[in-house]
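> Dropping the structure in here first, questions after.
The values are calculated or read from the model by the stated rules, or taken from the named source; none is laboratory data. Please read these numbers as outputs of a predicted model, since none were measured by experiment. Cβ sites come from the backbone with ideal geometry, for glycine too, and all protein chains shown count toward neighbours.
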Amino acid sequence: MIVHYYTQYDAHIKNLAKRHRIRIQTRNKLLTSIGRDMLHAESNKWHRYIVIPDINTEENYLTALHEIGHILHPLGTYGDFRFFTDDTSLTEEAAAWSWAFTKSKIDVKPEECDFAKFCYGTYYKNAAKMGYVKPYHYTHPTMREVNNMHQLLTNN
Ligand SMILES: [Zn+2]
């Protein structure tokens with residue numbers, strides 16, 4: 001069900017994609033069949049595309065911004081040289097959420113923050129299992145910003 005209210009957010013995503021030459025693939029049908037726990041969205045920096053659900057909820061809007069953040073934030077996908085450790089993906093996740101929250105046209109309310117925490121939490125739990133939970137370097141301004149987002153998404 002497309003709610004008219006979300007048209008401006010859909011337009012925001014399409015404008016960003018156009019301006020930065022990012023292709024959009026939507027995957028709403030799959031999303032509704034597998035449910036939120038299996039939320040599927042992805043990005044590819046080199047091929048410049050994102051796979052996102054239709055923009056008909058605030059969560060989907062933030063998800064779309066998050067996927068664009070993986071492409072446009074300097075640390076959103078920095079794995080030219082992947083370390084093959086989960087601290088890399090945590091940094092990328094925090095960077096992409098930071099980008100999404102900064103660019104969002106909705107003020108990030110507790111519900112949206114909870115949603116981001118839920119998504120980040122899936123990566124975080126995995127990283128914790130592997131022993132990578134706080135790998136950040138604090139000196140670079142961008143890393144501080146990413147670290148702040150990491151703290152926001154992990155602290156209650
Ligand atoms: Zn992500």
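> Is it true that some residue in the range 77-99 is surrounded by fewer than 19 Cβ atoms within 10 Å (Cβ to Cβ) and either modelled with pLDDT of 85 or more or in contact with a Lys or Arg (Cβ under 7 Å, 6 or more places away or on another chain) (or both)?
No, the conditions are met nowhere in the range 77-99.
> Within the range 55-67, which residues are touching an Asp or Glu at 6+ places or on another chain (Cβ under 9 Å) and farther than 10 Å from Ile13 by Cβ?
Within the range 55-67, Asn56, Glu58, Glu59, Leu62, His66 meet the criteria.
> Modelled with pLDDT of 85 or more and under 14 Å from the mean Cα position of the chain (by Cα): does that describe Ala11?
When the stated conditions are applied, Ala11 does not pass them.
> Here's something else I'd like to know. Pairs please, first residue from the range 92-115 and closer than 19 Å to Ala11 by Cα and in a loop (DSSP other than H, G, I, E, B), second anywhere and within 12 Å of the ligand (Cβ to nearest atom) and not hydroxyl-bearing (Ser, Thr, Tyr), Cβ atoms under 9 Å, 6+ apart in sequence or on different chains.
Ser104/Leu62; Ser104/Leu65; Ile106/Leu62; Val108/Leu62; Val108/Ala100; Val108/Ala116
> Quick check on the range 120-137. Is at least one of its residues at pLDDT below 90, farther than 20 Å from Ser43 by Cα and buried (at least 19 other Cβ atoms within 10 Å of the Cβ)?
For the range 120-137, residues at pLDDT below 90, farther than 20 Å from Ser43 by Cα and buried (at least 19 other Cβ atoms within 10 Å of the Cβ): present.
> Continuing with the same structure: Which members of the range 14-30 meet the condition of being modelled with pLDDT of 95 or more, surrounded by fewer than 16 Cβ atoms within 10 Å (Cβ to Cβ) and in a helix (DSSP H, G or I)?
Lys14, Asn15, Lys18, Arg19
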